[in-house]
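Please treat every number below as a calculation from the coordinates, not as lab data. Predicted model, so just to flag it, every value in this text is computed and none were measured. Because the Cβ atoms are built from the backbone with ideal geometry, glycine has one as well, and the counts that use them run over all protein chains shown.
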Amino acid sequence: MTQAPTLTFLDGRIIIDPVICNGKPTLRGKRITAQTILDFLAAGDSEQDILEQYPSLEHEDIQACLRFAALLMNQHYSLSKVA
């Protein structure tokens, strides 16, 4: 069975690799998911708080998470009633 390819977005800042974090979007292939960063921001943490907690990240990584989320929200979604 062939493995799904690795996908990169936003100049390589967002990586989707099936062998890292179960294929969730991560920052530069690190085991830090975009969702984790977005959850911190949604909880009211500042960018500085996040950068202190994750010193391997950069300002551009946090911006990439926000841009990636915006790209996802720009997609068309169809709702269907189940049962």
Practice problem: Would you work out the charge dipole size for the chain about its Cα centre, treating the Cβ of every Lys and Arg as +1 and the Cβ of every Asp and Glu as -1, and quote it to the nearest 20 debye? | Solution: 500 debye
Self-check item: Residue order, fewest to most beta carbons within 10 Å, for R67, R31, R13
Solution: R31, R67, R13
Quiz item: Between S46 and A70, what length comes free when the chain is fully extended (0.36 nm per residue of separation minus the Cα-Cα distance, one decimal in nm)?
Solution: 6.8 nm
Practice problem: Name the residue, out of L27, L71, L57, whose mean-square fluctuation peaks in a Gaussian network model built on the chain with Cα pairs under 10 Å. | Solution: L71
Quiz item: ³J(HN,Hα) across region 40-53 via Karplus (A = 6.51, B = -1.76, C = 1.60, θ = phi - 60°), whole Hz, x for Gly/Pro?
Solution: 4, 4, 5, 7, x, 5, 7, 4, 4, 4, 5, 5, 6, 6
Quiz item: Just the Cα atoms of the chain: what Rg and Dmax do they give in Å?
Solution: 14.5, 47
Exercise. Pick out, in residue order, every one of the chymotrypsin sites (Phe, Trp or Tyr not before Pro) in the chain that is DSSP loop and has at most 12 other C-beta atoms within 10 Å; say none if there are none.
Key: Y77
Quiz item: Taking the chain as a Gaussian network, where each spring joins two C-alpha atoms under 10 Å apart, which residue of G44, G29, G12 fluctuates the most?
Solution: G44
